[in-house]
Amino acid sequence: MTLFSKNRTIGSWQRREIEPEAGSDAIKKALSRVTEPISLIDMDGRLGIGYKGRTIIGDTETDRSSDYPLFAYVPALHPQDLGDSAFKNAHGLQYAYVAGAMANGITSARMVEEAGRAGMLGFFGAAGLTPSEIESAIEKLKKRCSDFPFGFNLIHSPNDPDLEQTVVDLYLRENIRLVSASAYLDLTLPLVYYRVSGIHLDPDGNIICPNKIIAKVSRVEVAEKFLSPPPDKLLAQLVADNRITPKEAALAKQIPVAEDLTAEADSGGHTDNRPAISLLPTMIALRDDILKSYPSPPSLRIGLGGGIADPVSTAAAFSMGAAYVLTGSINQSCIESGTSDTVRQMLAGASQADVAMAPAADMFEMGVKVQVLKRGTMFPFRAAKLYELYTAHDRYEMIPEKQKQLLERDFFRDSFDTEWDRTKSFFNNRDPKQAERGEIDPKHRMALVFRSYLGQSSNWANTGNPDRRIDYQIWCGPSMGAFNQWVKGSFLEDVEARRVVTVAKNLLLGASVIIRTNWLKHQGVRLPSGLGVFKPMPPEDIDRLLSSTLG
């Protein structure tokens, strides 16, 4: 098999203290040594690797006995070099890697801590939790993570704007300086207030905005709002409410709502199922257009989340220009996640086709859907039935008797009236206005009871309630199946070995190997089959590889 041709020679390589090696094993070893450059040479007709020699690009003369024709050259690519250095510098990171916020504390304080200690960024999954539960997580992370960055989720709450404001007030009071804004359909007053609170000029006249937002969006029209300055209308409202000063509002008109934006492709939870390969370039092009509108262009960075599941997808994201990658579904199967062992085992058995869209509890009446695991659970089908009945009837009493019997036997496991009493009690503590409206509006009462089932289904999954396994709501995208396929036959096939940092380092190291392999191919080198494949490595082997140098 011809792996190269003489007319592809790009220079020469001079041997020094270490002898070159020929053959596939030498090439495979060189590809994995991502901290060392690769010099691919001709060793008497065989493809070989030159170590620690002198690489000369452009000079194809090999007069000396120590010279070899050079066919390709690839620089070192440490996983820490992947992504946008401005993103890493802005947040004090070693790696351009984000563990995304999965709601109900699935991205747990423990997971956030582990990511931070490894030089990555984690967001606590605050969505769906009460302010007191969020405050408890803040207290815990402040004690454990004082030396490295971390963030909290801020989710759009169209049905409960007071809760969104309460969470923002909590973050400001506790000096939480970084949030992941998710599921936003439009900018809200609490979100903008968080961003601009405390804005000021430093002694050199630079605008300092202490609170940072990393937005997660899939729609161009929403991304445009995040990458632009806050709307005048919302700033004027904040001034009128005496929450910011006119001077602060004037400064806010010069900064983007978010300097970092995650293009959210097909993912678990709230998603528009957008393909990453077209979404990321679109968002990058939008960013470039928006930058033209700023007199002094800020640093706007676009990352990618959704579908990041193996080294190939991770490499693809960085190769397309992603400033960073964000993972979600695959982290839920890790032992640090705030879910049950039962759910972790269910996720470990999922394939890419084992997901479905189902009505979302928080935006049920709006018809918004989330992506969930369908294998081993009836939740997506039962949730769809609830939405079908809600849209078809104006009150619960209008539902056909046979359907009501099914709901009360299998869904509520009690009468509708009893379930409404429980639901009303919940909302009296959480959002009394909803309960009051439910008392006078029968359709809203039905919606709240249906939402109660949807909301509890996630808690049943997280706690591993064995009596409700058939009703588990497990947020999951097709990336989970891709991850399981990649780790099949490796140590990561075992759920107990899945740790968030171990997974992350394997994805990043593997991405470096894949990218370097492709750089060789782009120089006209035809490598033996399977040479650029990266299989999971134990974390101690990765650390040893990244810290080692050739003698």
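The values are calculated or read from the model by the stated rules, or taken from the named source; none is laboratory data. Nothing here was measured: the structure is a model prediction, and the numbers come from that model. Here Cβ is always computed from backbone atoms with ideal geometry, including for glycine, and neighbour counts include all displayed protein chains.
Within the set Y184, Y194, the sole residue that is in a helix (DSSP H, G or I), farther than 17 Å from R301 by Cβ and of a type in the set (S, T, Y) turns out to be Y194. N153 - would you say it is buried (at least 19 other Cβ atoms within 10 Å of the Cβ) and in contact with a Phe, Trp or Tyr (Cβ under 6 Å, 6 or more places away or on another chain)? Judged against the criteria, N153 is a match. Of the residues L261, L286, the single one that is under 30 Å from M357 (Cα atoms), among the aliphatic types (A, V, I, L, M) and not in a helix (DSSP H, G or I) is L261.
To keep it simple, each residue is scored yes or no on (1) under 16 Å from R430 (Cβ atoms); (2) surrounded by fewer than 23 Cβ atoms within 10 Å (Cβ to Cβ); (3) not acidic (D, E).
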position	(1), (2), (3)
N104	yes, yes, yes
G125	no, no, yes
G128	yes, yes, yes
E133	yes, yes, no
A137	no, yes, yes
R144	no, yes, yes
S157	yes, yes, yes
N175	no, yes, yes
A183	no, no, yes
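Within the stretch 192-212, identify whether any single residue is under 19 Å from the mean Cα position of the chain (by Cα) and surrounded by 15 or more Cβ atoms within 10 Å (Cβ to Cβ), and answer yes or no. Checking the stretch 192-212: at least one residue is under 19 Å from the mean Cα position of the chain (by Cα) and surrounded by 15 or more Cβ atoms within 10 Å (Cβ to Cβ). Considering only residues that are touching a strand residue (DSSP E or B) at 6+ places or on another chain (Cβ under 8 Å) and aliphatic (A, V, I, L, M), look in the stretch 493-524 and name the one that is farthest from T9 (Cα to Cα). Going through the qualifying residues, I end up with V500. Summed over the stretch 149-158, residues that are within 24 Å of F364 (Cα to Cα) and either outside any strand (DSSP E or B) or β-branched (V, I, T) (or both) total 4.
Please work out if G510 is at pLDDT below 95, surrounded by 22 or more Cβ atoms within 10 Å (Cβ to Cβ), closer than 15 Å to I308 by Cα and not β-branched (V, I, T). If you could, list the steps in order and put the result at the bottom.
On the way: at pLDDT below 95: no; surrounded by 22 or more Cβ atoms within 10 Å (Cβ to Cβ): yes; closer than 15 Å to I308 by Cα: yes; not β-branched (V, I, T): yes.
The answer is no for G510.
At least 3 residues being under 23 Å from V167 (Cβ atoms) is the threshold, and among the strands (runs of 3 or more DSSP E) wholly inside the stretch 57-148 those reaching it are 121-124. Please find, within the stretch 307-346, the residue that is surrounded by the most Cβ atoms within 10 Å (Cβ to Cβ) out of those that are at pLDDT below 95 and not in a helix (DSSP H, G or I). Here the residue is G328. Looking for whichever is under 13 Å from the mean Cα position of the chain (by Cα) and on the phi > 0 side of the Ramachandran plot here; the options are G268, G307. Which one fits? That would be G307, the only listed residue that is under 13 Å from the mean Cα position of the chain (by Cα) and on the phi > 0 side of the Ramachandran plot. Here the stretch 289-306 is the region considered, the condition is being aliphatic (A, V, I, L, M) and not in a helix (DSSP H, G or I), and the residue that is surrounded by the fewest Cβ atoms within 10 Å (Cβ to Cβ) is L300.
Scanning the stretch 355-377 for residues that are in a strand (DSSP E or B) and of a type in the set (G, A, S) gives A356, A358. For the stretch 29-51, the tally of residues that are surrounded by fewer than 19 Cβ atoms within 10 Å (Cβ to Cβ) and either modelled with pLDDT under 90 or assigned to a strand (DSSP E or B) (or both) stands at 4.
In the set (1) exposed (fewer than 14 other Cβ atoms within 10 Å of the Cβ); (2) among the basic types (K, R); (3) under 17 Å from M446 (Cβ atoms), R409 fails one condition alone, (3).
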